[in-house]
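Quick notes on the structure that follows.
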Amino acid sequence: MTINSKLNDIKAVTDVTDLPVITVTRAHAHACEEDKGEPVTSVTTAEIRHSGLLALDLGTTAGWAMRLADGVIVSGTMTFRPGRYEGGGMRYLRFRSWLDHLEAGAKGIGSVCFEEVRRHAGTDAAHIYGGFLAHLTAWCELNHIPYQGVPVGTIKRHVTGKGNANKGAVIAAVRARGFNPEDDNEADALAILLWAIDTDGGVR
């Protein structure tokens, strides 16, 4: 199976025939050599090398990146903004449905890492992030998938060398690793994925 066909499998589950209000902003695949060494996870020691590793930058426009079981990496962004006449809870229903479809397209997710944000620009942003976090962790528990939050400073320090690096620096660092993120959301997700791969999920 080619990289393009793998990407089509992932995109097919988000191409919205049954979820018409989800906006598929962007998705692409990257060829990569399979990493050497021990399996990557902070909860178990086997899943990630043999099933998908998903990294998420949570938000209404979410960045995502995933290493499939054979080492191919796909990434992109997804928008979960409610429609004009819908309640705010619709974003979370669509998020949960998207996770189900993404897992099906990837033929299994073995572990999830997400950006753990402790400070927000405002109350609304904090509430929205908390909603996505609650639904993500509940979904992982329901599906018996290990999950881990990674502090923002840890992610930035790993990819740029500075824990207080700005968005532009993170994008540049991810591009230097051979990726081409369209925005800071996708760059953040790729940075989380790279951290998980490079550090065995933080466990040495």
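The values are calculated or read from the model by the stated rules, or taken from the named source; none is laboratory data. As the structure is a prediction and not an experimental result, all values here were calculated from the model. All Cβ positions, even for glycine, are placed from backbone atoms using ideal geometry, and neighbour counts span all protein chains on display. Ligands, DNA and RNA are stripped out before the accessible areas are found, and what is left, the full protein with its side chains, is counted by its heavy atoms. Shrake-Rupley method; radii C 1.70, N 1.55, O 1.52, S 1.80 Å.
Descriptive notes on the structure:
- In the stretch 69-99, the residues that are open to solvent by 20 Å² or more (accessible area, probe 1.4 Å) and either without any contact (Cβ under 8 Å) to a residue 24 or more places away in the chain or not in a helix (DSSP H, G or I) (or both): ALA69, ASP70, ARG81, PRO82, GLY83, ARG84, TYR85, GLU86, GLY87, GLY88, GLY89, LEU93
- PRO151 meets each of the listed conditions (1) over 16 Å from the mean Cα position of the chain (by Cα); (2) exposed (fewer than 14 other Cβ atoms within 10 Å of the Cβ) apart from (1).
- In the stretch 160-182, the qualifying residues are those that are under 16 Å from the mean Cα position of the chain (by Cα) and farther than 21 Å from LEU133 by Cβ, and the one that is surrounded by the fewest Cβ atoms within 10 Å (Cβ to Cβ) is ASN180.
- Flag if LEU133 is open to solvent by 20 Å² or more (accessible area, probe 1.4 Å) and out of contact with any strand residue (DSSP E or B) (no Cβ under 7 Å at 6 or more places or on another chain): yes
- The stretch 114-130: number of residues that are touching a helix residue (DSSP H, G or I) at 6+ places or on another chain (Cβ under 7 Å) and either farther than 24 Å from ASP198 by Cβ or open to solvent by 60 Å² or more (accessible area, probe 1.4 Å) (or both): 1
- From THR123, THR60, residue being of a type in the set (S, T, N, Q) and touching a residue at least 12 places away in the same chain (Cβ under 8 Å): THR60
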